[in-house]
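Novice: Take this structure first; my questions come after.
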Amino acid sequence: MRKIIVGFSLIILLVIGLMGNVSAANATVTLTAKPEEVSKGSKVEISVNLSNVKTTKGAGAFMGTIVYEDKESLKFEKIESQNGWSSAFTYNEDNGKIVINKGSDVTKSETMFKIIFTVTDKAKQNLVVTLKDMTFSEGIEDIEIPDSNIRLTVKGEKPKPENNEVIPGGSNNQNTNGTGNSNQEDNVAPGKLPQTGISDIFVVVGIVGAIIIAVILFTRIRVTNFK
């Protein structure tokens, strides 16, 4: 009887430990603009902010696609890393892909980088900048993050009707000529952020395997005790 109790205790502890790794990782990315109401010929800074980080060890690498109005409205100037995120990031202006990492894992809210644009003289009203296809790596798994966008208002321009408005990079499946919607093949080398651990599927398989082993051990011990 003592052997049965000890065996089941060990198996339960193993299952609990494995289940701890199954908890869903999550994070949120939001865009803020300074200023949100812009003038033609002026510069605008769009901050990419990380928040609500819920992972086992924190997020250490980020990948996404920057999508914005055509170059007649916004002219890309540069990207500035923030709060210790690497200045040696990879950015492909042709397709909008960016990959950036940090030397330590992030567990708190902070700004990762800023995107600087110049508003051209041909700028339209209701400019929209979108960050899509976002992925974080926590070393164990990739965390997919929903798209985020920011709307810029151009001073002196009459607002356009918002019915059936197309947001660049959204789910409307329409093509634009802006950066981020290029049909060119991606030139950013990392197609997937680095992983150092096991994925959830292996954890689930491990739990199921542990339960099966527990049943087999229990059956054998019962048979041995009856002999």
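Novice: So if I check each of 108, 102, 114, 78, which one is touching an Asp or Glu at 6+ places or on another chain (Cβ under 8 Å) and either free of Cβ contacts under 8 Å to residues at least 40 places away in the same chain or basic (Lys, Arg) (or both)?
Specialist: Just one listed residue meets the conditions, 114.
Novice: Please go through (1) open to solvent by 10 Å² or more (accessible area, probe 1.4 Å); (2) not in a loop (DSSP other than H, G, I, E, B) for residue 124 and return the number of the only condition it doesn't satisfy.
Specialist: (2)
Novice: Sticking with this one: Test residue 140 against the criterion of being open to solvent by less than 60 Å² (accessible area, probe 1.4 Å), of a type in the set (A, V, I, L, M, F, W, C) and either under 18 Å from residue 33 (Cβ atoms) or free of Cβ contacts under 8 Å to residues at least 60 places away in the same chain (or both), and give yes or no.
Specialist: no
Novice: Can you give me the number of residues within the stretch 68-82 that are among the basic types (Lys, Arg) and not in a strand (DSSP E or B)?
Specialist: Within the stretch 68-82, residues that are among the basic types (Lys, Arg) and not in a strand (DSSP E or B) number 1.
Novice: Tell me whether the stretch 42-55 contains one or more residues that are modelled with pLDDT under 85 and either in contact with a helix residue (DSSP H, G or I) (Cβ under 8 Å, 6 or more places away or on another chain) or among the hydroxyl-bearing types (Ser, Thr, Tyr) (or both).
Specialist: Yes.
Novice: Quick check on my filter: what residues within the stretch 31-52 are open to solvent by 30 Å² or more (accessible area, probe 1.4 Å) and not small (Gly, Ala, Ser)?
Specialist: 32, 34, 35, 36, 37, 40, 43, 45, 52
The values are calculated or read from the model by the stated rules, or taken from the named source; none is laboratory data. The structure displayed is predicted, hence computed values, not measured ones. FYI the Cβ positions are ideal-geometry reconstructions off the backbone, even for glycines, and counts take in every protein chain you see. Each accessible area value is taken on the protein alone, full model and side chains, heavy atoms only, with ligands, DNA and RNA left out. Shrake-Rupley method; radii C 1.70, N 1.55, O 1.52, S 1.80 Å.
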